[in-house]
1. Listing A:137, A:125, A:99 from the residue with the fewest other Cβ atoms within 10 Å to the one with the most, what is the order?
2. Which of rounded, prolate, oblate describes the stretch A:144-191, given a ≥ b ≥ c as roots of the alpha-carbon gyration tensor eigenvalues and a/c under 1.5 marking rounded, otherwise prolate only if a/b is larger than b/c?
3. So what is the relative contact order of chain A, in percent, for Cα pairs below 8 Å that sit 6 or more residues apart?
4. Going by Cα centres, the stretch A:55-79 and the stretch A:7-50 are how many Å apart?
5. Could you tell me the center-to-center distance, by alpha carbons, between the stretch A:177-212 and the stretch A:90-120 in angstrom?
6. The stretch A:10-156: percent of C-alpha pairs farther apart than 26 Å?
7. Taking the Cβ of each residue in A:179, A:197 as the centre, tally the other Cβ atoms inside 10 Å and list the residues starting with the fewest.
8. Mind ranking A:12-22, A:150-160 by how tightly packed they are, going by the mean number of other C-beta atoms within 10 angstrom, highest first?
DNA sequence: GACCAGGCACATC
DNA sequence: GATGTGCATGGT
């Protein structure tokens, strides 16, 4: 798919002190606490993070439901199932062949490094764990940070398409900057708190889905009044 | 039928 | 390092 930048972003300005906490409060007031991630276990969160790559969450939900229905949503079941069989189960999430391969890569990593035990993975320190995750084929920066934040409860801010679109449209940062630049911008301007990063990202998705799609029709976006 | 959705790896320049 | 391309379903 082509880049989602089908829109000209205005030149960014300097971030004001305490501006991002204020943005969060504005969103939180508009949408309420989001209670993310929509996953019951760390394993479900990780599977969801891989399945949602460039895909609408509604399609991911169908695949997750299908895995649950077949009692397949465990590391052990993923280790045993063949890649083509896994691909059939996750069909509705799209890109099913490549995602089945990516899930298998993650499972091999989980068993080789942590004997299949997610608790062991989650107790590892954030920075070395991030490096290890990024070395797994199919896990890029956004997926790694989703796993770190929502499964392992480490303070890593997740930068997704909505984050860049919203903040670039409101002139807070240049859209074309690298993933790491974006992450550091957010993390440097906010307290390093898991609960804050968790709900802030969820708020971004909430406002993004309603008011910040690829076509710039911002409607009644609560950030218009503030920014 | 066209466009879009909570990316990533890989090839090429 | 930037840019282009393949991967694929399901909702609007």
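Every read-out reported here was derived from the displayed coordinates using simple, explicitly stated rules and does not represent laboratory data. Source: prediction; values computed, not measured. Glycine gets a Cβ as well: all are built from the backbone with ideal geometry, and neighbour counts include every protein chain shown.
1. On the way: A:137 12, A:125 8, A:99 24.
Placing the least packed residue first, the sequence is A:125, A:137, A:99.
2. Working: a/c = 2.29, a/b = 1.83, b/c = 1.26.
Prolate, since a/c reaches 1.5 and a/b exceeds b/c.
3. On the way: 262 pairs, mean separation 68.6, N = 227.
Rounded, it is 30 percent for chain A.
4. 25
5. 26
6. Working: 3345 of 10731 pairs.
Value for the stretch A:10-156: 31 percent of Cα pairs lie more than 26 Å apart.
7. Details: A:179 14, A:197 24.
By the 10 Å Cβ count, ascending: A:179, A:197.
8. Details: A:12-22: 12.8, A:150-160: 21.4.
The packing order, highest mean first, is A:150-160, A:12-22.
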